[in-house]
Amino acid sequence: MMWYDGGWGGGGWFIMAIVMVLFWALVIAGVVALVRYFTSGHHGHPGGPSPPSSEAGGVSRRAEDLLAERFARGEIDEDEYKRRITLLREHR
């Protein structure tokens, strides 16, 4: 009895194995990418923080946070911090 191998020759199983490994690698990479996208909070803004909320005070809250960080790092002194925080709060 003769076997019909479909013209692939003896290496057909090897090609099919490579294709199967590539297929599953792509499926797994896709699932990982989706999970990272939905859990990161950076929707639409790769490489940066999510934008501040458009609610009243959302932008000024972020500005106050940045100012507090600069003060904590020693980039500005206490007088400069107080002056700028007062200005930010006056223009809400």
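The values are calculated or read from the model by the stated rules, or taken from the named source; none is laboratory data. Computed from a predicted model, the values in this text were never measured in an experiment. Backbone-built Cβ (ideal geometry, glycine too); neighbour counts: all protein chains shown. Note: areas computed on protein heavy atoms with side chains; ligands, DNA, RNA excluded. Shrake-Rupley method; radii C 1.70, N 1.55, O 1.52, S 1.80 Å.
In summary, Ser60 fulfils each of the numbered conditions (1) open to solvent by less than 80 Å² (accessible area, probe 1.4 Å); (2) in a helix (DSSP H, G or I); (3) within 30 Å of Leu88 (Cβ to Cβ); (4) modelled with pLDDT of 90 or more with the single exception of condition (4). Can you say whether Val31 is open to solvent by less than 90 Å² (accessible area, probe 1.4 Å) and either modelled with pLDDT of 90 or more or part of a helix (DSSP H, G or I) (or both), as far as the supplied structure shows? Taking the combined requirement at face value, the residue satisfies it.
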